[in-house]
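Peer 1: Can you keep this structure in mind? I'll have questions shortly.
The values are calculated or read from the model by the stated rules, or taken from the named source; none is laboratory data. Remember, it's a predicted structure, so these values are computed and weren't measured experimentally. Counting neighbours? That spans all protein chains shown, and the Cβs are built from the backbone with ideal geometry, glycine included. Please note that ligands, DNA and RNA were not included when accessible areas were found on the heavy atoms of the full protein model with its side chains. Shrake-Rupley method; radii C 1.70, N 1.55, O 1.52, S 1.80 Å.
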Amino acid sequence: MLPVEYLTMAGMAGSAAFAITAVFAAPRGMDLFGISVLAVIAAIGGGTIRDLILDVPVFWSLDLSVIWVALIAGLIATYARRLLSRKEAVALVLYIDGLGASLFSIQAVHKVWDLQFGLPMAPVLLGVVTGIGGGILRDVLTQRPTLLVSRELYAIPILLGCALYSGVLSWAPEHAENAAIAFVALIFLMRSAAITWNIEVPRWLTTGDQLPS
Amino acid sequence: MLPVEYLTMAGMAGSAAFAITAVFAAPRGMDLFGISVLAVIAAIGGGTIRDLILDVPVFWSLDLSVIWVALIAGLIATYARRLLSRKEAVALVLYIDGLGASLFSIQAVHKVWDLQFGLPMAPVLLGVVTGIGGGILRDVLTQRPTLLVSRELYAIPILLGCALYSGVLSWAPEHAENAAIAFVALIFLMRSAAITWNIEVPRWLTTGDQLPS
Amino acid sequence: MLPVEYLTMAGMAGSAAFAITAVFAAPRGMDLFGISVLAVIAAIGGGTIRDLILDVPVFWSLDLSVIWVALIAGLIATYARRLLSRKEAVALVLYIDGLGASLFSIQAVHKVWDLQFGLPMAPVLLGVVTGIGGGILRDVLTQRPTLLVSRELYAIPILLGCALYSGVLSWAPEHAENAAIAFVALIFLMRSAAITWNIEVPRWLTTGDQLPS
């Protein structure tokens, strides 16, 4: 296969993993329609918000395959849930979800940079939105605490990777291609480490006590 | 009256019903301002998301009457709530809400198809978004479980009608007009049956047990 | 300083206050990344929704300073929270938050009117969205009851000011400039009175009992 085909396959796997996390998040008794909608929103939500803000055609309107992938992954996951509830299967989905988030957020930084939109900050911001937006919509729609309020190490690696890649695009654009691969790998490795060893955000980076509200 | 005038009237009635469901959903003690905003969001939310994704002017910016209808319906429903809490009145609002959802989602399929946007899947997706988006925003803003997670038979008839109408537009566009009427009726009848006999989504279409999260 | 510089400074202060309310709303244990995202969303959320609906470039893509202000204010507030939990400090932030909401909503009415978008109602609607949208997103993302369902006197002054300013732009545009200043002051004073004397929305403007749902 050509490199671009590996990339497409990784993107498909990532979208499928995003969709399957929606099945994990679905509360008891949710019907197949609701799960399908949730799976599609988890898979395309982040990129859709990004494209609306960029005022470019939403990415899935030009190539509907991501929606098919999300629907089919959601459907299979719903009926194969006994299989998927095995610890190894859950972990596998989380790793692929991490790969998807790495890939999509670095791709988003690249897309925003190409459009010269709000440099140098908007690429980082919209990279993060692309990586975590679908998951946040999924959690809001199922009334779960969003990952913004959890201490899981999920978004910080994405922020770090997007910021570093944005720096390379700014100061050393000739290394952009290698940097993209390196930062996708960096985000994925940090996320994998967090899944494997159950690493949380260090306490000094959190609010200790609740603030007055 | 001309047919188009019946259509406009049905649309107005549907928007009013959407707005009144916001009054039903309002928690105790909510003020008139909050209810008005909620009523407007319930009435125009789905179509607004659709138009943002289509990148066309939001429908209500071209004709503000839907906002007036939503505001007035919300206001009347707030102060006539003793009347509206009668079982027959609630049922009537639910039936008209079902009619509105049928009409708006089939109209949305038509609109998306006309724009040749993401055929053949985006029309179905955005038809569903138009039919249920306002209700989902209403539920998120009042911290109620959204209809995505309930087993009420609401969204599945809409999905079915939109998919069938999309099929007709694809393979037999010469029958589009009759099909539109037929599928609005189909969605409305399925939804009415669900309201009348309290039909839920069949169990084999739901997740039996909660999945690992 | 020139008047326009005062305006810029007031806008910066308002954005910082919006961001700090996100720190107040953050639940215990939230990490710095989540707080930063929340602070940025609280600061730019309302104006972003407005600009998406208007189909104009989102305001912060043209001048990123508001995002820096939100990030820095959120960061300082997180680590200075012991200081900020003092009653006087909380009140000060609330007053500046009220000033920001006044300023941004009246500016939004002006912007929408200039674009001749959905006159005369859309300017009022989008003025309110600009003033309260960021706060609503903040509350949805942290699973707090949104201000739409609370009885705090927050949104009604904004609605009143936007409606009056819209009236002046309609019938006496030659007084627009003075009216803008007057209505920013009006909203701010009403909001300040509500903070100072803990004024709630009068009972006759609220739903007494919960409605059937």
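Peer 1: Report yes if some residue within segment C:163-178 is of a type outside the set (Lys, Arg) and within 22 Å of B:Ala42 (Cα to Cα); otherwise report no.
Peer 2: Yes, there is a match, as at least one residue in segment C:163-178 is of a type outside the set (Lys, Arg) and within 22 Å of B:Ala42 (Cα to Cα).
Peer 1: For the structure I just gave you, tell me whether A:Glu152 is modelled with pLDDT under 90, more than 30 Å from A:Ser36 (Cβ to Cβ) and not aromatic (Phe, Trp, Tyr).
Peer 2: no
Peer 1: Is segment C:123-138 home to any residue that is of a type in the set (Ser, Thr, Tyr), more than 8 Å from every other protein chain (Cβ to nearest Cβ) and over 18 Å from C:Ala194 (Cα atoms)?
Peer 2: yes
Peer 1: I'd like the full set of residues that are at pLDDT below 90 and closer than 22 Å to A:Ala185 by Cα, limited to segment A:121-149.
Peer 2: A:Leu147
Peer 1: Within the bounds of segment C:97-114, is there any residue that is within 14 Å of chain B (Cβ to nearest Cβ), farther than 19 Å from B:Thr48 by Cβ and open to solvent by 20 Å² or more (accessible area, probe 1.4 Å)?
Peer 2: yes
Peer 1: Hey, B:Met30 hits all of (1) surrounded by 24 or more Cβ atoms within 10 Å (Cβ to Cβ); (2) at pLDDT 90 or above; (3) not polar (S, T, N, Q) but one; which does it fall short on?
Peer 2: In the conditions (1) surrounded by 24 or more Cβ atoms within 10 Å (Cβ to Cβ); (2) at pLDDT 90 or above; (3) not polar (S, T, N, Q), B:Met30 misses (2) alone.
Peer 1: Within 20 Å of B:Met30 (Cβ to Cβ), β-branched (Val, Ile, Thr) and out of contact with any strand residue (DSSP E or B) (no Cβ under 9 Å at 6 or more places or on another chain): does that describe C:Thr196?
Peer 2: For C:Thr196, the condition - within 20 Å of B:Met30 (Cβ to Cβ), β-branched (Val, Ile, Thr) and out of contact with any strand residue (DSSP E or B) (no Cβ under 9 Å at 6 or more places or on another chain) - is not met.
Peer 1: Moving to a separate point now. Given (1) within 9 Å of chain A (Cβ to nearest Cβ); (2) touching a residue at least 60 places away in the same chain (Cβ under 8 Å), identify the lone condition not met by C:Leu54.
Peer 2: (1)
Peer 1: Looking at segment B:156-163, is at least one residue part of a strand (DSSP E or B) and within 10 Å of another protein chain (Cβ to nearest Cβ)?
Peer 2: no
Peer 1: For B:Arg144, work out the one condition from (1) more than 9 Å from every other protein chain (Cβ to nearest Cβ); (2) open to solvent by 30 Å² or more (accessible area, probe 1.4 Å) it doesn't fulfil.
Peer 2: (1)
Peer 1: When you look at A:Ile49, is it under 19 Å from A:Leu94 (Cα atoms), more than 7 Å from chain B (Cβ to nearest Cβ) and assigned to a helix (DSSP H, G or I), yes or no?
Peer 2: Answer is no for this residue.
Peer 1: Now, a different point. Report whether or not C:Pro27 is touching a Pro at 6+ places or on another chain (Cβ under 9 Å) and either charged (D, E, K, R) or not in a helix (DSSP H, G or I) (or both).
Peer 2: Working: touching a Pro at 6+ places or on another chain (Cβ under 9 Å): yes; either charged (D, E, K, R) or not in a helix (DSSP H, G or I) (or both): yes.
For C:Pro27, the condition - touching a Pro at 6+ places or on another chain (Cβ under 9 Å) and either charged (D, E, K, R) or not in a helix (DSSP H, G or I) (or both) - is met.
Peer 1: Right, here's the next one. Sort through A:Pro202, A:Pro173 and tell me the only one that's over 15 Å from C:Leu32 (Cα atoms), of a type outside the set (Asp, Glu) and surrounded by fewer than 18 Cβ atoms within 10 Å (Cβ to Cβ).
Peer 2: On the way: A:Pro202 fails: over 15 Å from C:Leu32 (Cα atoms).
It is A:Pro173.
Peer 1: Determine which single condition B:Ile132 fails, assuming it passes every other condition in (1) more than 11 Å from the chain's Cα centre (by Cα); (2) buried (at least 24 other Cβ atoms within 10 Å of the Cβ).
Peer 2: Going through the list (1) more than 11 Å from the chain's Cα centre (by Cα); (2) buried (at least 24 other Cβ atoms within 10 Å of the Cβ), B:Ile132 breaks only (1).
Peer 1: Go through segment A:10-27 residue by residue and tally those that are surrounded by fewer than 24 Cβ atoms within 10 Å (Cβ to Cβ) and more than 17 Å from the chain's Cα centre (by Cα).
Peer 2: The number of residues fulfilling the criteria is 1.
Peer 1: Take the residues in segment C:57-88 that are open to solvent by less than 40 Å² (accessible area, probe 1.4 Å) and at the interface with another protein chain (Cβ under 9 Å from one of its Cβ atoms); name whichever of them is modelled with the lowest pLDDT.
Peer 2: Looking at the filtered set, the residue picked out is C:Leu84.
Peer 1: Looking at (1) in a helix (DSSP H, G or I); (2) within 21 Å of C:Pro202 (Cα to Cα), can you tell me which one B:Ala70 breaks?
Peer 2: Among (1) in a helix (DSSP H, G or I); (2) within 21 Å of C:Pro202 (Cα to Cα), the lone unmet condition for B:Ala70 is (2).
Peer 1: From A:Gly34, A:Gly14, grab the single residue that is away from chain B (no Cβ under 11 Å) and either aliphatic (A, V, I, L, M) or closer than 24 Å to A:Thr146 by Cβ (or both). Step through it out loud before you land on a result.
Peer 2: Values: A:Gly34 fails: away from chain B (no Cβ under 11 Å).
Exactly one residue qualifies, and that residue is A:Gly14.
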